[in-house]
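The values are calculated or read from the model by the stated rules, or taken from the named source; none is laboratory data. Values in this document were obtained by computation on a predicted structure and should not be read as measured data. Every residue, glycine as well, gets a Cβ built from its backbone with ideal geometry; the counts of neighbours run over all protein chains shown.
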Amino acid sequence: MRTLLEAADRESIMRRLAALTPNSPRKWGRLSMGEMLSHLHESTRMALGELPVKPKGKRVFQVFPLKHLLLYVVPFPKGAPTAPELLQGVPSDDFEIDKTRLRDLLTRLGLGPCEGLGPAHPLFGPLSRQEWGAATYKHTDHHLRQFGV
């Protein structure tokens with residue numbers, strides 16, 4: 001599984017993020033380009049423990065093998081609901097600044113400690129740093145694909 005904790009995987013995401021333009025076409029969903037960048041910014045802050053998010057899932061999602069399947073095997077569904085806290089960020093008026101802020105957060109997550117327990121995910125409960133690295137890669141990949149990169 002790809003993860004932001006691996007340098008090659010992180011660099012792949014960074015190249016795709018760099019290829020994103022204000023005119024990249026949205027292939028599905030409701031989020032605008034700025035809203036998507038802001039959403040990824042907030043979700044990465046959640047992974048870093050900087051933005052607490054209330055639990056919203058049933059405990060069944062926290063149990064292996066369902067948790068493992070959803071984190072590592074099954075692709076993110078298009079149009080899946082998200083925690084309201086992750087939709088409250090406001091994009092700036094500068095697209096490049098928004099991309100830079102996201103790149104910096106993804107780098108911090110990728111270079112952070114790989115061991116131990118990270119913050120709780122609203123659906124999956126507490127995740128290890130390894131799980132956060134994989135989940136954030138998968139989530140970022142999903143939204144970059146949403147805009148064709």
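Points to keep in mind about this one:
- Qualifying residue in the stretch 78-86 (condition: buried (at least 16 other Cβ atoms within 10 Å of the Cβ) and modelled with pLDDT of 90 or more): no
- All positions within the stretch 52-71 that are at pLDDT 80 or above and assigned to a loop (DSSP other than H, G, I, E, B): P52, V53, K54, P55, P65
- A Cβ distance below 9 Å, combined with a sequence gap of six or more or placement on separate chains, defines the contacts here; from the stretch 2-24, residues that are within 11 Å of T136 (Cβ to Cβ) reach residues that are surrounded by fewer than 12 Cβ atoms within 10 Å (Cβ to Cβ) in the pairs R2/A8.
- Of all residues in the stretch 94-111, those being under 25 Å from K67 (Cα atoms) and either crowded, with 17+ Cβ neighbours inside 10 Å or in contact with a strand residue (DSSP E or B) (Cβ under 6 Å, 6 or more places away or on another chain) (or both) number 4.
- The stretch 109-125, residues that are under 16 Å from R45 (Cα atoms) and either part of a helix (DSSP H, G or I) or without any contact (Cβ under 8 Å) to a residue 24 or more places away in the chain (or both): L109, G110, L111, P113, L117
- Within the stretch 131-149, the set of residues being of a type in the set (F, W, Y) and outside any helix (DSSP H, G or I) comprises F147 only.
- Contact map, the stretch 74-85: first residue over 14 Å from W28 (Cα atoms), second residue assigned to a helix (DSSP H, G or I) and hydroxyl-bearing (S, T, Y), Cβ cut-off under 9 Å, separation 6 or more or different chains; pairs are T82/S43; A83/S43.
- Per-region count, the stretch 121-149, residues within 18 Å of A83 (Cα to Cα), within 14 Å of the chain's Cα centre (by Cα) and of a type in the set (G, A, S): 1
- Among the residues making up the stretch 72-108, a single one is in a loop (DSSP other than H, G, I, E, B), under 21 Å from L4 (Cβ atoms) and over 15 Å from the mean Cα position of the chain (by Cα): V74.
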